[in-house]
Structure formats: C-alpha cells, structure tokens
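Quick notes on the structure that follows.
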Amino acid sequence: MYWIHGNNDNFDAIEAGDLPADLFHIENAVAVRPGPKPLALTVAGLGGTFAPTWYDTRAAALPHPKKGSAKATELADKRRHFVREDVERCAGLRGIDIFMSHEAAKPFRPYPGGRGPDAGKSQINEILDSMKPRLHLFGHHHRFSDDIREGVRSVGLDLVTRSYLLIHAVSLEIELRTL
C-alpha cells in the first residue's frame, strides 16, 4: 500500500522507515510507479496541512521537538505541514496519473450541501494547474466529494469506516463503495 502522510501520523516512524513491509510512504513531490507493468501508474503526493506561519520555512528546518506526551509531541511536530519548496517541486512534476494531497483545492466547503467556509488551499490549485494529473485524491476533511478543479477531477475521500474507492487502472474511473 502506497500512502502520503496527513497531519496526525508518527513522523519519527516515517523518517526512520519503521513501517510494515507492505506499507510504502510517498515523500512530498516524489513520483513513484507502484504496481506491475504495463498497468503501473505514476503517482505523486503532497502530504500534510498548510500552515501560513511555517510555509516559507525550508522543509529540512521544520522542528520536531519532543514534548511531555505523545499527543503534545505530535502537535508540536511541524513535519505535519507542507512548505513552499514542496509545492514548487510538485508543480514541476509531469506525467503524473494520480496526485494525492492531504489538503483540498479551492473551493472546498467541508459541510454537507457545500456549506461552510472555503477550506481549500490555493497551493493545491497551483499544483493541479501546473502538473495536470489525470486524477486528484485528497483526504483531510474525511468527506466524499467529486469535483473538477483546474480541469482535473478532484475527489475527496471519506472516512475508511464509511466508504472507499475502486479505481480502474487504465481509465482511472472510480467506483464508490459504501460500508
């Protein structure tokens, strides 16, 4: 299974590669070709959330201090955010079939019926507009949605306890399966 990080993952385990043998983390702005040829797709991702106060920090400089509890350490760990250099590197990728991001593109209203403030991030729109992947998947808001952003089909993933997607490897058509 190939995945990108969100904002509540064990970043020390990711960094150390201390993951199950069949779980593969996709680093930000790195294209991978999982799966058997000739059906292998090119997949890239941008994990983490947008934090304006950390956006212009170099990724290598993002602090990850140890705190008094696991939860406090998780909240203080700035590796859970993406930065400008990640976005610029993603925008420069070409030939991507599936782009996964933790955050949604604008506009994205997280409440049923498309209500609420726009929770989308313009950085995701910039990547979609430049990269032009065949399909965009995102998950931070845990609500299924299916829209077009920057000419790209952009699908929000629901909680895994409610639904999942089957994606056809050639056409990239999706089938929503509810639990």
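The values are calculated or read from the model by the stated rules, or taken from the named source; none is laboratory data. No experiment lies behind these values; they were computed from the predicted model shown. Cβ coordinates were reconstructed from backbone atoms using ideal geometry, including for glycine residues, and neighbour counts include every protein chain displayed.
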Review point. Of all the residues that make up the range 3-28, how many are exposed (fewer than 15 other Cβ atoms within 10 Å of the Cβ), farther than 19 Å from Asp77 by Cα and either of a type in the set (Lys, Arg) or in contact (Cβ under 8 Å) with a residue 12 or more places away in the chain (or both)?
Key: 3
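So, Ser130, is that one in contact with a Gly (Cβ under 9 Å, 6 or more places away or on another chain), closer than 17 Å to His5 by Cβ, of a type outside the set (Phe, Trp, Tyr) and at pLDDT 95 or above or not?
In short, no.
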Check your understanding: Only one residue in His140, His136 is in a loop (DSSP other than H, G, I, E, B) and surrounded by 13 or more Cβ atoms within 10 Å (Cβ to Cβ). Which one?
Key -> His140
Study note, to complete from the structure: In the range 29-71, anything touching a residue at least 60 places away in the same chain (Cβ under 8 Å) and in a strand (DSSP E or B) is listed as Ala44, Leu46, Thr49
Review point. Could you say whether any residue in the range 119-131 is surrounded by fewer than 17 Cβ atoms within 10 Å (Cβ to Cβ) and assigned to a strand (DSSP E or B)?
Key: no
Exercise for review: Would you check if Phe99 is surrounded by 13 or more Cβ atoms within 10 Å (Cβ to Cβ), over 14 Å from Ser154 (Cβ atoms), in contact with a strand residue (DSSP E or B) (Cβ under 9 Å, 6 or more places away or on another chain) and in contact (Cβ under 8 Å) with a residue 40 or more places away in the chain?
Suggested key: no
**Study point:** Filter result for Pro112 (surrounded by fewer than 17 Cβ atoms within 10 Å (Cβ to Cβ), without any contact (Cβ under 8 Å) to a residue 60 or more places away in the chain and closer than 23 Å to Glu175 by Cβ)
**Key:** yes
Exercise for review: Might you check whether a residue that is of a type outside the set (D, E, K, R), within 21 Å of Phe11 (Cα to Cα) and in contact with a helix residue (DSSP H, G or I) (Cβ under 9 Å, 6 or more places away or on another chain) occurs anywhere in the range 138-156?
Suggested key: yes
Check your understanding: Quick one: would you say Ile167 is under 20 Å from Asn8 (Cβ atoms), β-branched (Val, Ile, Thr) and touching a residue at least 40 places away in the same chain (Cβ under 8 Å)?
Key -> no
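Quick grid of which residues meet (1) crowded, with 16+ Cβ neighbours inside 10 Å; (2) more than 18 Å from Ile4 (Cα to Cα):
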| residue | (1), (2) |
| --- | --- |
| Tyr55 | no, yes |
| Ala61 | no, yes |
| Lys67 | no, yes |
| Ala70 | no, yes |
| Arg84 | no, no |
| Glu88 | no, no |
| Ala91 | yes, no |
| Gly95 | no, yes |
| Ala104 | yes, no |
Exercise for review: Mind listing just one residue for me: the one in the range 72-82 that is in a helix (DSSP H, G or I), of a type outside the set (Val, Ile, Thr) and buried (at least 16 other Cβ atoms within 10 Å of the Cβ) and, of those, nearest to the chain's Cα centre (by Cα)?
Suggested key: Arg80
